Amino acid sequence: MPLRETPRIISRRLNDPDAWRLERYLETDGYDALRKAVTGLSPAAVHAEVRASGITGRSGGAAFPTANKWELLRQAEPKYVVVNGDESEPGFFKDRTLMELDPHQLVEGTLLCAYAVGAKYAVIYIRGEFALAQERVTQAVNDAYDIGAAGASVFGSDFDCDVVVQPGAGAYIVGEETALLESLEGKRGFPRIKPPAFPATFGLYGAPTIVNNVETLATLPWIVANGGEAYHAYGGGRFFGTRLFSLAGRVNKPGVYEVELHHPTFRDLFFDQRLGGGIRDDGRVRAFIPGASFPWFFEEQLDLHLDGDEVSANGSSLGAGILVLDETCCPVRAAWRLVRFFARESCGQCTPCREGTSWLEKIMHRIEHGDGRKDDLELLLDVGDNISPGPFPHPPRPELDEPARPFPYNQTTICPLGPSGVSPIDSTVWKFRDDYLRHIEEGACPYKR
């Protein structure tokens, strides 16, 4: 079935080389939604439009309704809005693209969120390595002050909001919202235990705080300008509107694509000529990873829809960065590199993650480099079971006569980083067991480097 025609809600300016400049943003209806809100709508009315839109979080796979998150905000002063711009998972680059190419859209969305929840302070936290994003978002914030869109009496209204940009230091773990708050407070980026430390009740400096993702907030200007019902008309099930996907790996046209939720399939995303354009050299999909933290999918799952509930029921989660492997890719090497990433990025707070992911990486390293042992596969699964006990989520395994085990995974850690390191191993040891055995028996990786 052909893809439905949908408007480019978030990405309409991304092909414009001057979209990051204030002048171009104003020429394309920039800050009209904010002006409309602060001069003609109450905060409750803006909140109602967001609720009507059905938009959910766009950071990973949790997909918590944005309006519901705002409703949890404890009524106390001060209140904060924090923008999570610490996009650092392998294969994710859509938020970085938004911050570099259309920063004013993010600034406007941040101010709309602050207006709706009654916050007078907003912080845009940007990953340390994103130098261009930091430069352009900072310039956009300064421009917003210059035209009266930020600061005191926004557009002549009684709404005041100060916005600051805070660069991070490059730690993956601060993409977790409570670790991000710890970092903002000048502490080590250790995730907090939830409950009780939900940011909406006990957030930045102990005050009620809304933490939203870059893409989530960048969507708000369109929703306020066009109405929540207009956004709700796209998508379906529990997943409405459009979403940006970072598509990488062995597709002909890697990049960032805005796609309607619920209706398209992974096959559409990979093979439609307007999107991924097919597999390189007319190859076949051997595996694809719907988020580096999540269990892998395979050719049999290509016709699953881009719907979080359907993906979760089939054993994984719908992330925003999808990595595609073809038959020329070594699944063992791909799994090792992901495990190495999570081992290096562990904050060290939880013993199962700190020790376990490092053990997993050492075992994977020796297998990939020709020093594997016959009992390493069982050892990998045993170590993984101590990090994420019990059956791990997975798609249907007809070879083992096992139905899908729904997502999420169990964990012995405060945050999901530990189980994220288990995902590549649990996904590949059963599916590509012969590849592991060839590495061990031949004493080398059988794939060309």
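The values are calculated or read from the model by the stated rules, or taken from the named source; none is laboratory data. The structure presented is a predicted model; accordingly, all values stated were derived computationally and were not measured. Cβ: placed from backbone, ideal geometry, glycine included. Neighbour counts: every protein chain shown. Accessible surface areas use protein heavy atoms only, side chains included; no ligands, DNA or RNA. Shrake-Rupley method; radii C 1.70, N 1.55, O 1.52, S 1.80 Å.
The modelled label-to-label distance between residue 362 and residue 15, using points 7 Å beyond Cα along the C-beta direction, is 5.2 nm. Legend: calculated FRET efficiency, residue 434 to residue 273, from the Cβ-Cβ distance at R0 = 22 Å, rounded to 0.05, equals 0.05. With the charge dipole of segment 1-122 set up from +1 on Lys and Arg Cβ and -1 on Asp and Glu Cβ about the Cα centre, the Cα lying farthest toward the positive end among the listed residues 65, 114, 39 is that of 65. Quantify, in whole percent, the carbon and sulfur part of the accessible surface of the chain (1.4 Å probe; protein heavy atoms only). Accessible surface attributable to carbon and sulfur in the chain totals 51 percent.
Spin-label model, residue 157/residue 75: points 7 Å from Cα along the beta carbon direction are separated by 2.0 nm. Sorted from longest to shortest, the spans of the Cα atoms of segment 224-331 along the three principal axes equal 47, 28, 20 Å.
Please list, in order, the residues from segment 302-327 whose amide nitrogen is less than 20 Å from a point placed 7 Å along the Cα→Cβ vector of residue 280. Counting backbone N atoms under 20 Å from the label point, the list is 321-327. For residue 405, the accessible surface of its heavy atoms amounts to roughly 90 Å² (probe 1.4 Å, protein chains only, rounded to the nearest 10).
Heavy-atom accessible surface of segment 1-67, averaged per residue, reaches 51 Å², computed with a 1.4 Å probe. Computed on protein heavy atoms with a 1.4 Å probe, the accessible areas place 440, 322 in the order 440, 322, largest first. What you get for the chain, charging only the Cβ of Lys and Arg (+1) and of Asp and Glu (-1), is a dipole of about 400 debye around the Cα centre. Think of a 1.4 Å ball rolled over the protein heavy atoms: segment 360-449 then has 49 Å² of accessible area per residue. For the chain, the alpha carbon convex hull comes to 135 Å³ per residue, rounded to a whole number. For residue 431, the lysines whose Cα falls under 29 Å of its own Cα, not counting residues fewer than eight places away in the same chain, are 253, 362, 374, 448. Sorted largest first by accessible area at a 1.4 angstrom probe radius, with every protein chain in place, the residues 420, 346, 153 fall in the order 153, 346, 420. Placing dummy labels 7 Å off each Cα toward the beta-carbon, the span from residue 129 to residue 142 is 2.6 nm.
At an R0 of 45 angstrom, the distance between the Cβ atoms of residue 371 and residue 166 translates into a FRET efficiency of 0.55.
Once the Cα-Cα distance is subtracted from the 0.36 nm per residue extended length, the residue 233 to residue 45 segment shows a gain of 65.8 nm.
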